[in-house]
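To keep things clear, I will list the structure first and then write my remarks on it.
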Amino acid sequence: MDNGNKMWAGRTDGNTEKISDEFNSSIAFDSRMYKEDICGSIAHARMLAAQGIISDNDCESIVAGLGGILEDIENGALKIDPSCEDIHMFVEKVLTDRIGDPGRKLHTARSRNDQVALDIRLYLMSQIKEIKDGIKALIGVICAQAEKYSDTIMPGYTHLQRAQPVSFGHHLMAYSFMLLRDIGRLDDVYKRTSVSPIGSCALAGTTYNTDRLYEAKLLGFDSASLNSMDGVSDRDFVLELASAVSIIMMHLSRFSEELILWSSWEFKFIELSDGYTTGSSIMPQKKNPDMAELVRGKTGRVYGDLIALLTLMKGLPLAYNKDMQEDKEAIFDASDTVKNCIRIFAGMLGTMKVNKEGMRKAALEGFINATDLADYLVGKGMPFRNAYKVSGRLVALCIENNLTLESLPLELYKSVSGEIGEEVYDFVNIDNCLAKRKSLGGPAKESVLSQIRFVRGELND
Ligand code: ARG
């Protein structure tokens, strides 16, 4: 292809093969950073003028030209030209076409290497904020549901076997705490993303008297990178974000798995709303939890993005290498996917119906009060290990006679341990078992309500 007028045609004539142009191009996916690219260039022009590297007049025409490009892209008047190599080249080309010579001065004291590092940082900073807002909204929905079901008894499970009594609110709140930690991780990633690389130039800084800190401040960064080679070759923040969102997806995937189980006929603890389920094309009775399944499935995709990024970076010598262009699709995919999943989740949870009776029935059937029975015997002075054995024998006795600890006659209790009295029935009463679990972080109603207060307080910080 005759591309003798390529901006980078210096030593070479720029006559690359058409298939090389296509292979080399990133505009199909990096054009989403047009705003960051333009804002970055406006700040760069202002810094160049403030330092006397370009004139104020040139700066004003660059800034006005860039402002016009931004407006035209946003109102649809300017279409992004897919034949440009990347978004940086596109913006600079349109600017130069529109304002002439001043446009050719914009690229003084910078390189596409620090420019792309700048754009992706700015873009991801806004993504982190969006993901955080989504998580906050989701936590809000969880807290509202948890409040509603703060004393709705259900079996808590280990090994997917009924274990001890909890409430549905308590179970839900466990996810709020996971998501709060996710917010903490995102805040942490943000700190290391908010470091301006611009002015690192190609790799070795510049001989111009630039003011990198001023430019960083104009763009809202907290600081500027302090080694020009690191500035252009660091993608740790991309990896950190991919890993933070992988953990978010892992949480959502576990939650999905539970919603899928709970909405099965076998459990029947919840019913997901029609808005978040589908039917089957052949089986008219079906209500499939597709959205929850897709969130679980997309978790694998986000993990794939993380692994792709880690592998991409592992053997790269300093500083910039074109391999790094491959970072964008993976991190964009990861951040788009997590945002969608969080949004879907909030709707799905907010509209689910809860079958309190079904949960209660399951809570009454699995001997989840057997530990409480042992604790009752401990209260009578029996060492826990002995109490554990006695309680186990009583459970076996119930199973033999098709009874529960609540319905086992006192004589049968006494046949195993003479110390057991009438009050045992209060101790194995399932509501009492839940209400007594008041330890810090426990499932008793007051504890769940105080968890909700704590989480809401964190969200308002
Ligand atoms: N499209 C490139 C990327 O995404 C921009 C940087 C190009 N730099 C270069 N020296 N070719 O990484």
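The values are calculated or read from the model by the stated rules, or taken from the named source; none is laboratory data. Quantities reported herein were computed from a predicted structural model and do not represent experimental measurements. Here the Cβ positions follow ideal geometry from the backbone for every residue, glycine too, while neighbour counts run over all protein chains shown.
Any idea which of Ser223, Ser243, Ser264 is crowded, with 16+ Cβ neighbours inside 10 Å, small (Gly, Ala, Ser) and modelled with pLDDT of 95 or more? Outline the logic, then answer.
On the way: Ser223 fails: crowded, with 16+ Cβ neighbours inside 10 Å; Ser264 fails: crowded, with 16+ Cβ neighbours inside 10 Å.
When all the criteria are applied, what remains is Ser243.
Can you tell me which condition Gly457 does not meet? The list is (1) within 32 Å of the chain's Cα centre (by Cα); (2) surrounded by 15 or more Cβ atoms within 10 Å (Cβ to Cβ); (3) not hydrophobic (A, V, I, L, M, F, W, C), and all the others hold.
So the condition that Gly457 fails would be (2).
Of the conditions (1) outside any loop (DSSP other than H, G, I, E, B); (2) under 23 Å from Lys148 (Cβ atoms), Leu394 fails just one. Which one is it?
It is condition (2) that Leu394 fails.
Looking only at segment 84-100, count every residue that is touching a residue at least 24 places away in the same chain (Cβ under 8 Å), more than 16 Å from the ligand (Cβ to nearest atom) and under 19 Å from Arg112 (Cα atoms) and tell me the total.
Step one: list which residues in segment 84-100 are touching a residue at least 24 places away in the same chain (Cβ under 8 Å), which gives 84-95, 98-99.
Keeping just the survivors that are more than 16 Å from the ligand (Cβ to nearest atom) gives 94-95, 98-99.
Now narrow it down to the ones that are under 19 Å from Arg112 (Cα atoms): 94-95.
Adding up the residues that qualify gives 2.
Yes or no, residue by residue, for (1) touching a Phe, Trp or Tyr at 6+ places or on another chain (Cβ under 9 Å); (2) surrounded by 23 or more Cβ atoms within 10 Å (Cβ to Cβ); (3) in a loop (DSSP other than H, G, I, E, B):
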{"position": "Gly169", "(1), (2), (3)": "yes, yes, no"}
{"position": "Met178", "(1), (2), (3)": "yes, no, no"}
{"position": "Arg181", "(1), (2), (3)": "no, no, no"}
{"position": "Asp187", "(1), (2), (3)": "no, no, no"}
{"position": "Arg192", "(1), (2), (3)": "yes, no, no"}
{"position": "Thr210", "(1), (2), (3)": "no, no, yes"}
{"position": "Lys217", "(1), (2), (3)": "no, no, no"}
{"position": "Val232", "(1), (2), (3)": "yes, yes, no"}
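Filter segment 304-320 down to residues that are surrounded by fewer than 18 Cβ atoms within 10 Å (Cβ to Cβ) and touching a Ser or Thr at 6+ places or on another chain (Cβ under 8 Å) and give me whichever is farthest from Asp21 (Cα to Cα).
Leu318
In this structure, does Thr299 turn out to be in a helix (DSSP H, G or I), at pLDDT below 95 and more than 16 Å from the ligand (Cβ to nearest atom)?
no
Taking the condition of being of a type outside the set (Lys, Arg) and more than 14 Å from the ligand (Cβ to nearest atom), how many residues in segment 101-118 meet it? Break it down stepwise before answering.
Going through segment 101-118, the residues of a type outside the set (Lys, Arg) turn out to be 101-103, 106-109, 111, 113-118.
Filter again for more than 14 Å from the ligand (Cβ to nearest atom), leaving 101-103, 106, 108-109.
Summing the residues that are of a type outside the set (Lys, Arg) and more than 14 Å from the ligand (Cβ to nearest atom) in segment 101-118 gives 6.
So if I check each of Gly315, Gly347, which one is more than 16 Å from the ligand (Cβ to nearest atom), modelled with pLDDT of 95 or more and not in a helix (DSSP H, G or I)? Steps first, please.
On the way: Gly347 fails: not in a helix (DSSP H, G or I).
Of the residues listed, the single one that is more than 16 Å from the ligand (Cβ to nearest atom), modelled with pLDDT of 95 or more and not in a helix (DSSP H, G or I) is Gly315.
Are any residues in segment 184-204 closer than 21 Å to Leu124 by Cβ, in contact (Cβ under 8 Å) with a residue 60 or more places away in the chain and not hydroxyl-bearing (Ser, Thr, Tyr), and if so, which ones? Before you say what the answer is, go through the steps one by one.
The first filter runs over segment 184-204 and keeps only residues closer than 21 Å to Leu124 by Cβ, leaving 184-200.
Keeping just the survivors that are in contact (Cβ under 8 Å) with a residue 60 or more places away in the chain gives 185, 189-190, 193-200.
Arg185, Val189, Val195, Pro197, Ile198, Gly199, listed by residue number.
Filter segment 85-115 for residues that are assigned to a helix (DSSP H, G or I) and either among the polar types (S, T, N, Q) or within 24 Å of the chain's Cα centre (by Cα) (or both); which is surrounded by the most Cβ atoms within 10 Å (Cβ to Cβ)? Give the derivation first.
To start, the set of residues in segment 85-115 that are assigned to a helix (DSSP H, G or I) comprises 87-99, 101-105, 112-115.
Narrowing the set further to residues that are either among the polar types (S, T, N, Q) or within 24 Å of the chain's Cα centre (by Cα) (or both) leaves 96, 113, 115.
On the way: Thr96: 18, Asn113: 21, Gln115: 26.
Once the filter is applied, the top-ranked residue is Gln115.
Any residue that is within 13 Å of the ligand (Cβ to nearest atom), under 25 Å from Ile331 (Cα atoms) and surrounded by fewer than 18 Cβ atoms within 10 Å (Cβ to Cβ) - is there at least one of those in segment 34-57?
no
Given Asp30, Asp72, which one is part of a helix (DSSP H, G or I), in contact with a Lys or Arg (Cβ under 6 Å, 6 or more places away or on another chain) and either surrounded by 15 or more Cβ atoms within 10 Å (Cβ to Cβ) or not aromatic (Phe, Trp, Tyr) (or both)? Before you say what the answer is, go through the steps one by one.
Details: Asp72 fails: in contact with a Lys or Arg (Cβ under 6 Å, 6 or more places away or on another chain).
The conditions single out Asp30.
This table checks each residue for (1) touching a residue at least 12 places away in the same chain (Cβ under 8 Å); (2) touching a helix residue (DSSP H, G or I) at 6+ places or on another chain (Cβ under 7 Å); (3) more than 16 Å from the ligand (Cβ to nearest atom).
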| position | (1), (2), (3) |
| --- | --- |
| Thr12 | no, no, no |
| Ile69 | yes, yes, yes |
| Lys79 | no, no, yes |
| Pro82 | yes, yes, no |
